[in-house]
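Participant: Please find one structure pasted underneath; my questions will follow.
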Protein chains: 2
Amino acid sequence: MINANNPALTSWIEVPSNSDFPIQNIPFGIFKSGQLAPRVGSRIGDKVIDLKSLFVLGYLSNLPFSQEDFDTDALNNLMKHGKKGARDLRNRLSKLFSTDNHDLQGNTHHVEQVLIDADNVDMLLPVQIGDYTDFYSSRDHATNVGTMFRDPNNALLPNWLWIPVGYHGRASSIIPSGVPIKRPKGQTLPNEGEDPVFGPCRLLDFELEMAFITFDGKPLGESISTKEAEDYIFGMCIMNDWSARDIQKWEYVPLGPFLAKNFASSISPWIVTMDALEPFKLEGPLQDPKVLSYLEYEGKYHYDIHLEVGIQPENAAETVVCNSNYKHMYWNMAQQLAHHTINGCNIRRGDMMASGTISGPTTNSFGSMLEISWKGTKPVILKEGGERKFINDLDTVIMRGHCSKDGVRIGFGEVSTKVLPAE
Amino acid sequence: MINANNPALTSWIEVPSNSDFPIQNIPFGIFKSGQLAPRVGSRIGDKVIDLKSLFVLGYLSNLPFSQEDFDTDALNNLMKHGKKGARDLRNRLSKLFSTDNHDLQGNTHHVEQVLIDADNVDMLLPVQIGDYTDFYSSRDHATNVGTMFRDPNNALLPNWLWIPVGYHGRASSIIPSGVPIKRPKGQTLPNEGEDPVFGPCRLLDFELEMAFITFDGKPLGESISTKEAEDYIFGMCIMNDWSARDIQKWEYVPLGPFLAKNFASSISPWIVTMDALEPFKLEGPLQDPKVLSYLEYEGKYHYDIHLEVGIQPENAAETVVCNSNYKHMYWNMAQQLAHHTINGCNIRRGDMMASGTISGPTTNSFGSMLEISWKGTKPVILKEGGERKFINDLDTVIMRGHCSKDGVRIGFGEVSTKVLPAE
């Protein structure tokens, strides 16, 4: 399996130091370049690899793929070959682009067709997303929210330590990095007991999350166990699950957040496979009370992924406002998937499941402005002056994530989104 | 426009009295018959009309459709032609099958290719559903729930009269009539203060709902006004939004129902167009307090649709346990769609939006066993003996709906679902 456990492996494509995309990563995405139709790509260093061209030129022969798996605007076709298919494909790419391999390296004409400068492509939404589920699996985040809005001495709701709480979100409004969002409008209740008003959201927030994408699942009525879960997970990306806190507060009882969330969720465009992330597995936290048997798991299903969030006002420098880590999750992906399907709910190829806001135990690791500014009571001072309680118009919010081990850095790139004023 | 405003129109296909499908209906669905691949059909009387064959034989010429609009397992292709396309197609079908038209009627060979006995087809899921939203728009239902679980004197939550409350549901587990469901398993809390337990749901319930399907919407960031809403709605079906009340109670605070709902929602397979339903429009209820301006509407957007629910134990007669009507909705579809998109949330072709449980003001019009049996305190007596507080294993729940005017009955057929035991 190609990943950071092979630190000696190098590519004949130059990989700048601190690149998220060494030959050990080999993520998948959908790109558009010039007049070319959208297609499947991978990435090493600052080069995007055109997998359709690679297929047409014969470099992906003797693998189970056909041209329609690469000549398409979503990874869903490729994903129908499952975990083994994705693994075989990454192994082939790793071989083709490794320093000592000359199959492609020596053919300048082919290399020109296959490699494109990353600066010259637009990265599109990688997957046609079926259903989108958002979990709420960071204990620190749930504790912070409970402390602010309910009872500091009883911050977690009674079900939180028993259930990987989650809810259904909106798939249609998931967009890739680089697509700006408009500040949403909606109903809010300025003062308790008065009538609600309509207007632009005043408390626009980000939520630092990670999301995973599923392969084909089981039929309706069957469940996926924690032990089986990994076979159903293709890879991960970073997600900014935009939130309108004032709209949320007025609408969310009793059926949960709706318009406060479904105006946009932004994701990083490269799907990093679970194989690439394998070396970064960690033990999870002790779960006390002991979970019910269908949520028990053996082995390591947590991951050490450094995450950061920056706010960049227009024409000003970025200020990093959060340094968190995916390892802070209480419930892991195997438990989330086992819970989601324990009632027989079917998952499908291309479903997306997000972690919920990933907050750590310290103020500088909180994953939303709601927590960082503690409901707006502690503004963040920006590098070039000014402060933020929530997100302003024309701010760009940038999230980044990476793992590192033995000098190998496996990263996700970034999800960067500019906020435009409400119309 | 072809609908019940043309009561004199008759078809050369025999239409039994009390059929839901006179020539004034002309719904759309997906069927499978023998070795034929799934394809688009319509229906008159007890005959399913094979629209692919009709197209291939040239009877749908000079319309904007191509073969892929009919030779497919979902109505989504057909729906890309929008409201006008669906209207033109219904007009053509109405003309072809009206008593005085001999274009097809006289060609026995063609008629044999085009018409199939409804008993000999399997009706499949009609639409590839993108996002599924469930509203909560019946005032009587919300009042009943609030009375049972909160405060009878303050049954409606503060936001209910201001917001067409809704939440995102699961699209993957929406199934057509005839597909059995398994009783879901999950976590429940038998006694307050104790630990939750895992096992089969003990309080399985139906919810009588209607759902509408959307055409292509507007891009992310734009809104659909109440005035525009009708142009974006293709048609409707009946939905049984299965609910596990004990799972729901333990999981739903604070993010809403999740596993209690997403194990299955069953729909009737024929999509009845809004054109066919036009003659059944009614004034809506007075909305007090006055709604915010983006929810105001002019004209009639409520519909007089009789609905009923029956429970049929295995090898026993059916007992009708609910007679309700879609006219009992407080919030109408135009308001639901305007609210859903006011924050810029984009809808897509094939999205489904359901009404929420449709309860009327009287006990016999309540749309769920939770309400009918008043939390299990008032069991329903079944026709052939026995009683029900909720739904038992091997029960079949059947929902039907129709409108009628001037002797013309426009119906939806039924959604019938058998409950199998948990495994």
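Participant: Given 0.36 nm per residue, what is the gain on full extension from B:Leu394 to B:Asp117 after removing their alpha carbon distance, in nm?
Facilitator: 96.9 nm
Participant: Still on this structure, I have one more. Once label points are set 7 Å from the Cα along Cα→Cβ at both A:Asp88 and A:Thr377, what is their separation, rounded to one decimal in nm?
Facilitator: 5.9
Participant: If the reach is capped at under 22 angstrom between alpha carbons, list the lysines near A:Lys83, excluding any in the same chain fewer than eight residues apart.
Facilitator: Excluding near neighbours in sequence, the set is A:Lys52, A:Lys95, A:Lys218, A:Lys227, A:Lys281, A:Lys300.
Participant: Which helices, counted as full DSSP H runs in chain A, have an axial Cα extent of no less than 24 Å and a Kyte-Doolittle average of 1.6 or above? Mind showing how you got there, number by number?
Facilitator: Values: long enough: none.
For chain A, where a helix must reach 24 Å along its axis and average at least 1.6, there are no hits.
Participant: Can you give the FRET efficiency for A:Leu57 and A:Asn364, using 1/(1 + (r/R0)^6), R0 = 51 Å, r = Cβ-Cβ distance, to the nearest 0.05?
Facilitator: With R0 = 51 Å, the Cβ-Cβ based efficiency is 0.60.
Participant: Tell me, what ³J(HN,Hα) does each residue in segment A:291-303 have, in order and in whole Hz, if you take phi through Karplus 6.51 cos²θ - 1.76 cosθ + 1.60 with θ = phi - 60° and put x for Gly and Pro?
Facilitator: 6, 5, 4, 5, 9, 5, 8, 10, x, 9, 10, 9, 9
Participant: Between rounded, prolate and oblate, where does segment B:105-188 land on the alpha carbon gyration tensor, with a ≥ b ≥ c its root eigenvalues, rounded for a/c under 1.5, else prolate if a/b exceeds b/c? If you can, show how the numbers build up before the last one.
Facilitator: On the way: a/c = 3.21, a/b = 2.38, b/c = 1.35.
The shape class here is prolate.
Participant: Roughly what % of Cα-Cα distances in segment B:132-420 sit above 28 Å, to the whole percent?
Facilitator: Pairs farther apart than 28 Å: 35 percent.
Participant: With a point put 7 Å past each Cα toward its Cβ, work out how far A:Val253 is from B:Ala37 in nm, to one decimal.
Facilitator: 5.4
Participant: Under 12 Å from the Cβ of A:Asn91, count the other residues' Cβ atoms, weight Lys and Arg +1, Asp and Glu -1, and hand me the total.
Facilitator: Cβ neighbours under 12 Å give a net charge of +3.
Participant: Right, something else. Could you give the accessible area per residue of chain B, probe 1.4 Å, as a whole number in Å²?
Facilitator: Details: 15360 Å² over 423 residues.
With the other protein chains kept in place, chain B gives 36 Å² per residue.
Participant: Under a 1.4 angstrom probe, counting protein chains only, how are B:Trp162, B:Trp374 ranked by accessible area, largest first? Let's see the in-between values first.
Facilitator: On the way: B:Trp162 30, B:Trp374 65 Å².
From most exposed to least exposed: B:Trp374, B:Trp162.
Participant: Related question: Take the residue pairs A:Lys389/A:Lys418; A:Lys290/A:Lys378; A:Lys32/A:Lys84; A:Lys182/A:Lys249; B:Lys261/B:Lys418 and return only those whose Cα atoms are more than 25 Å apart.
Facilitator: A:Lys290/A:Lys378; A:Lys32/A:Lys84
Participant: Please state, rounded to one decimal and in Å, the Kirkwood hydrodynamic radius that segment A:293-388 gives when every pair of distinct Cα atoms enters the mean of 1/r.
Facilitator: 15.9
Participant: Plugging the Kirkwood radius over Cα pairs into Stokes-Einstein for the protein assembly as shown, at a temperature of 37 °C and a viscosity of 0.692 mPa s, what D comes out in µm²/s? It would help to have the intermediate numbers written out before the result.
Facilitator: On the way: Rh = 28.3 Å.
Answer from the Stokes-Einstein relation: 116 µm²/s.
Participant: Can you figure out the FRET efficiency of A:Glu228 with B:Ser17, using R₀ = 45 Å and their beta-carbon distance, to the nearest 0.05? Walk me through the numbers before you get to the answer.
Facilitator: Numbers: r = 54 Å, r/R0 = 1.20.
That pair, A:Glu228 with B:Ser17, gives E of 0.25.
Participant: What value, in deg cm²/dmol to 500, does the helix sum -39500 (n - 2.57) over DSSP H runs of n ≥ 4 give at 222 nm once divided by the residues of chain A?
Facilitator: The per-residue figure over chain A is -4000 deg cm²/dmol.
Participant: Still on this structure, I have one more. From the C-alpha gyration tensor of segment B:3-124, pull out the three semi-axes of the equivalent ellipsoid (sqrt of 5λ each), sorted largest to smallest, in whole Å.
Facilitator: With the √(5λ) rule applied to segment B:3-124, the semi-axes are 20, 17, 15 Å.
Participant: Continuing with the same structure: For segment A:261-270, just list the computed ³J(HN,Hα) in residue order, Karplus coefficients 6.51, -1.76 and 1.60, θ = phi - 60°, integers in Hz, with x standing in for Gly and Pro.
Facilitator: Per residue, the Karplus-derived 3J(HN,Hα) values read 10, 7, 7, 4, 9, 10, 10, 6, x, 9 Hz.
Participant: Can I ask one more? Return the distance in nm (one decimal) between the two label points of a simple spin-label model at B:Asp406 and B:Asp151, each offset 7 Å from Cα along Cα→Cβ.
Facilitator: 5.1
Participant: Give the chain A residue with the shortest beta-carbon distance to the rotation axis relating chain A to chain B, plus that distance as a whole number of Å.
Facilitator: A:Gly256, 1
Participant: While we're looking at this one, here's another question. Could you identify which residue out of B:Gly360, B:Gly344, B:Gly166 has the top mean-square fluctuation in a GNM of chain B using Cα springs shorter than 10 Å?
Facilitator: Looking only at B:Gly360, B:Gly344, B:Gly166, the largest GNM fluctuation is found for B:Gly344.
Participant: Cut-off 10 angstrom, C-alpha nodes, Gaussian network model of chain A. Which of A:Asn159, A:Asn323, A:Asn364 fluctuates the most?
Facilitator: Taking springs between Cα atoms under 10 Å, the residue moving most is A:Asn159.
Participant: Something else about it: Could you tell me how far the Cα centroid of segment B:7-59 sits from the Cα centroid of segment B:105-181, in Å?
Facilitator: Result: 22 Å between the Cα centres.
Participant: Then there's this: Treating the Cα atoms of segment B:189-261 as identical point scatterers in vacuum, please give the log10 of the normalised Debye intensity I(q)/I(0) at q = 0.12 Å⁻¹, two decimals.
Facilitator: -0.56
Participant: Here is a further query. Taking the alpha-carbon centroid of each part, what is the distance from segment B:217-291 to segment B:343-416 in angstrom?
Facilitator: Distance between centres, Cα-based: 14 Å.
Participant: Over chain A, what is the mean sequence separation of C-alpha contacts under 8 Å (at least six apart), divided by residue count, expressed as relative contact order in percent?
Facilitator: 21
The values are calculated or read from the model by the stated rules, or taken from the named source; none is laboratory data. The model shown is predicted, which means the values in this text are computed figures rather than measured ones. Backbone-built Cβ (ideal geometry, glycine too); neighbour counts: all protein chains shown. Heavy atoms of the whole protein, side chains included, go into the accessibility calculation; ligands, DNA and RNA do not. Shrake-Rupley method; radii C 1.70, N 1.55, O 1.52, S 1.80 Å.
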